Every structure is written in C-alpha cells, then in structure tokens.
1. For ASP142, all conditions in the list (1) within 21 Å of PHE190 (Cβ to Cβ); (2) at pLDDT below 95; (3) not basic (Lys, Arg) hold save one; what is the number of the exception?
2. Would you check if PHE96 is touching a His at 6+ places or on another chain (Cβ under 9 Å) and not aliphatic (A, V, I, L, M)?
3. For region 123-139, which residues satisfy the criterion of being without any contact (Cβ under 8 Å) to a residue 60 or more places away in the chain, surrounded by fewer than 16 Cβ atoms within 10 Å (Cβ to Cβ) and either touching a Phe, Trp or Tyr at 6+ places or on another chain (Cβ under 8 Å) or closer than 12 Å to ILE176 by Cβ (or both)?
4. Return the pairs, sorted by first residue and then second, in which the second residue is exposed (fewer than 12 other Cβ atoms within 10 Å of the Cβ), the first residue lies in region 195-208 and is under 21 Å from SER160 (Cβ atoms), the beta carbons are less than 8 Å apart, and the residues are 6+ apart or on different chains.
5. Do you know which residues across region 33-55 are over 20 Å from the mean Cα position of the chain (by Cα), loosely packed, with under 13 Cβ neighbours inside 10 Å, at pLDDT below 95 and not small (Gly, Ala, Ser)?
6. What is the number of the single condition among (1) free of Cβ contacts under 8 Å to residues at least 12 places away in the same chain; (2) farther than 20 Å from TYR178 by Cβ that LEU61 does not meet?
7. From the list ILE184, ILE122, pick out the single residue that is more than 20 Å from PRO55 (Cα to Cα), of a type in the set (A, V, I, L, M) and in contact with a Lys or Arg (Cβ under 7 Å, 6 or more places away or on another chain).
8. If a residue has to be of a type in the set (A, V, I, L, M, F, W, C) and in contact with a Phe, Trp or Tyr (Cβ under 8 Å, 6 or more places away or on another chain) to count, how many in region 176-197 make the cut?
Amino acid sequence: MSQKSKLYGRWFIIRNLGFVNVIRFSIEALFCVRYYYVLKLNLKKLIPCSVERMPMGTMALIQPEDFKRIKTVLKNMPQQDRREILSRINFYNKGFYGCYVMKTGDDIASLQWLIEPKENPIIEKHYGRMFYILHETQAMVDNVFTFPQYRGRGYQSLISRNLLKLALERGYTTAIVYIQNDRISTLNEFIDMGFKITKRLTQIRILGYTFRNL
C-alpha cells in the first residue's frame, strides 16, 4: 500500500469515527483483555435452518459498488457499528478478498468472510498470533456483520449457512470460527448450526500489539 493510500485510510477513519473516538480507541489499544471461543464444525453435519426462520436474500461476492454504498451510509450508523465496519474494511484491505454480502433488493443486509487455506500466508503475516493456520481441508468464516435495520430477522444465520455450504461444495470438510465470549446471540446462532466449542482463548492487546494464547 502506498504512503498516499495509508494517509487516506487514516483520514477516512478519523472522519468517520471522530477525532475524540480515535483517541479513545487508541488509549484502549494500550491494554485490553478479551476472551474468545474457538468453535468447529464437521461440514457434513451442518444443521438445516427451519423454513420459518429463513429470510429472503441473495448472496454474492462483494463488489466495488457495494463498498461505495457502505461508505455512504457510515455517517448515519451508530458509533459502534461504524467502528465495526471500518475494521472490516481494514480486514479486506489486508488481502482477505473472500467477503460475501447478503442482499435484499439493492440493500446489503449482512456480510461475512469465507477464508480458505490459500490465504494462510496472509494469516501468518497479519494475524499469526490470532488465528490458527488452516488445514488443507478446513475453511474459516469470520467477521460477520448485519446492518442494524436487518437484525433479528435471520440474516446472520442465512449468510453463515450459505458460506458453510459453499465451503462444503469447494471440498472442505471442517469449518472453524472465533467468537467473542460476550457475543451471546452470535454464539447461539453457530451452536444451532452444529458448531462445538473446542477452546477458550485469552486475547491481550498491549501497546497496539494483539495476540491470543493459541
């Protein structure tokens, strides 16, 4: 990434979060402890969703115009949601391009990543102390986000299930996901799909450096 792109990226974050919030989040980065669960699933044992809970939507790989749409609505979103979206844009910019969106009409209801073993070099470079390296038959789903107006309608489950089915179609046999321990609704969604908790990780962020006890 060029120096000009880096400067633009920093300005984009400050403009959307506000200078005060950027300072607050920077102070938080000096030291912070969180806890995550590692969950795994045999993809052949994915539990089907009941038809009554299945919303309408179409899944597709994210496109440049989708990012433009997301950026235009950022200013009207709650502060925490803005922070979540900006972190996902940063995740994409690191090279994780397997971001899929669930659309209803022209609106994006939800988005999430499917990460495959071919992206292990990116994991090693940017998240070597946060994610396990993927086995050749293992895929990962990560960074699910549902826009506020579509929450509670089943879109998080819909996009996750579609990505897991896609992983199975591509020949993967297992899936892994990391969920923060206080994201109870997300945790329950994945357990309902058949995922099992295999480990609890402690995540420590100190002086801007983040690592988990893998």
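The values are calculated or read from the model by the stated rules, or taken from the named source; none is laboratory data. Computed from a predicted structure; not experimentally measured. Here the Cβ is made from the backbone with ideal geometry for all residues, glycine too, and neighbour counts use every protein chain on show.
1. The failed condition is (2).
2. yes
3. ILE133, HIS135, THR137
4. Listed by first residue and then by second, the contacts come to LEU201/ASN213.
5. Those that are over 20 Å from the mean Cα position of the chain (by Cα), loosely packed, with under 13 Cβ neighbours inside 10 Å, at pLDDT below 95 and not small (Gly, Ala, Ser): ILE47, PRO48, VAL51, GLU52, ARG53.
6. Evaluating LEU61 over (1) free of Cβ contacts under 8 Å to residues at least 12 places away in the same chain; (2) farther than 20 Å from TYR178 by Cβ leaves (1) as the failure.
7. Details: ILE184 fails: in contact with a Lys or Arg (Cβ under 7 Å, 6 or more places away or on another chain).
Checking each option against the conditions leaves just ILE122.
8. So the first thing to find is which residues in region 176-197 are of a type in the set (A, V, I, L, M, F, W, C), and the list is 176-177, 179, 184, 187, 190-191, 193, 195, 197.
Going one step further and asking which of them are in contact with a Phe, Trp or Tyr (Cβ under 8 Å, 6 or more places away or on another chain), we end up with 176-177, 179, 187, 197.
The qualifying residues number 5.
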